[in-house]
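The structure appears right after this line, and notes come after that.
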Amino acid sequence: MKYCSSCGSKVELKVPQDDHFPRYCCTNCDAIHYQNPNIVTGTIPIMKDRILLCKRAIHPRPGMWTLPAGFLENGETIGQGAFRETLEETNTEVKMGNLYAIFNIPQISQVYMLFFAEVLREDFGETPESLEVKLFKEEEIPWQELAFPFVPIVLKNYFADRKDNKFDLKVETIERPVKKTNQ
């Protein structure tokens with residue numbers, strides 16, 4: 001950030017008084033610009049014994065398979081955002097279920113929140129965000145073509161929980177190892 005969104009003046013990165021973290025602070029109007037993690041919300045869309053996955057048409061990782069999910073918009077609940085993202089990426093409506101998984105991903109300042117969802121009709125299909133939308137049985141899932149680290153984790157947890165029919169909320173942290181540079 002270079003300029004204040006309140007008055008347009010230059011900002012400087014510093015620790016404000018009574019704070020503990022560096023923030024972008026306006027040199028003119030003293031506005032403090034907080035930068036907080038983004039919430040990504042989505043679903044695990046289920047129809048009987050199959051999971052609905054989307055083949056991404058957009059960056060990042062086009063051509064890879066994922067669960068329908070995306071950034072929460074202002075004014076939405078996490079459930080509303082998950083429903084909207086599922087509709088946008090699969091072209092079908094779902095019946096929303098319980099929150100099942102939360103993933104903290106601190107290195108990219110994101111928190112993922114995934115709900116169970118029941119696929120109501122087989123009217124899903126490609127969208128501007130998805131090249132293909134398809135139902136998969138567990139043994140059919142393209143495990144080597146999954147787009148993001150949270151996807152195989154949540155799918156494996158779901159299939160394990162399905163055996164016991166016990167679906168406790170999962171809270172996990174995904175941290176990438178810090179790359180060391182040669183000095």
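The values are calculated or read from the model by the stated rules, or taken from the named source; none is laboratory data. Values in this document were obtained by computation on a predicted structure and should not be read as measured data. Here the Cβ positions follow ideal geometry from the backbone for every residue, glycine too, while neighbour counts run over all protein chains shown.
Per-structure values
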{"read-out": "Residue in the range 75-83 that is surrounded by 17 or more Cβ atoms within 10 Å (Cβ to Cβ) and under 25 Å from GLN144 (Cβ atoms) present", "value": "no"}
{"read-out": "Candidate set: the range 143-162, residues that are of a type in the set (Phe, Trp, Tyr) and touching a helix residue (DSSP H, G or I) at 6+ places or on another chain (Cβ under 8 Å); chosen: the one nearest to ALA101 (Cα to Cα)", "value": "PHE159"}
{"read-out": "Check on LYS170, in contact with a Phe, Trp or Tyr (Cβ under 9 Å, 6 or more places away or on another chain), basic (Lys, Arg), farther than 18 Å from THR66 by Cα and modelled with pLDDT of 95 or more", "value": "yes"}
{"read-out": "Residues of the range 65-92 classified as closer than 25 Å to GLU140 by Cβ, of a type in the set (S, T, N, Q) and not in a loop (DSSP other than H, G, I, E, B), total", "value": "3"}
{"read-out": "Residue tally, condition farther than 21 Å from ALA57 by Cα, of a type outside the set (D, E, K, R), surrounded by fewer than 18 Cβ atoms within 10 Å (Cβ to Cβ) and out of contact with any Lys or Arg (no Cβ under 6 Å at 6 or more places or on another chain), over the range 88-110", "value": "10"}
{"read-out": "Hey, ILE141 under 21 Å from PHE71 (Cβ atoms), hydrophobic (A, V, I, L, M, F, W, C) and either modelled with pLDDT of 95 or more or assigned by TED's automatic domain parsing to the domain that holds PRO68 (or both) or not", "value": "no"}
{"read-out": "Residues of the range 93-106 classified as under 13 Å from ALA69 (Cα atoms) and not in a strand (DSSP E or B), total", "value": "0"}
{"read-out": "Qualifying residue in the range 148-160 (condition: in a helix (DSSP H, G or I), surrounded by fewer than 19 Cβ atoms within 10 Å (Cβ to Cβ) and of a type in the set (Val, Ile, Thr))", "value": "yes"}
{"read-out": "Out of GLU129, GLU122, sole residue that is surrounded by 10 or more Cβ atoms within 10 Å (Cβ to Cβ) and closer than 23 Å to PHE71 by Cβ", "value": "GLU129"}
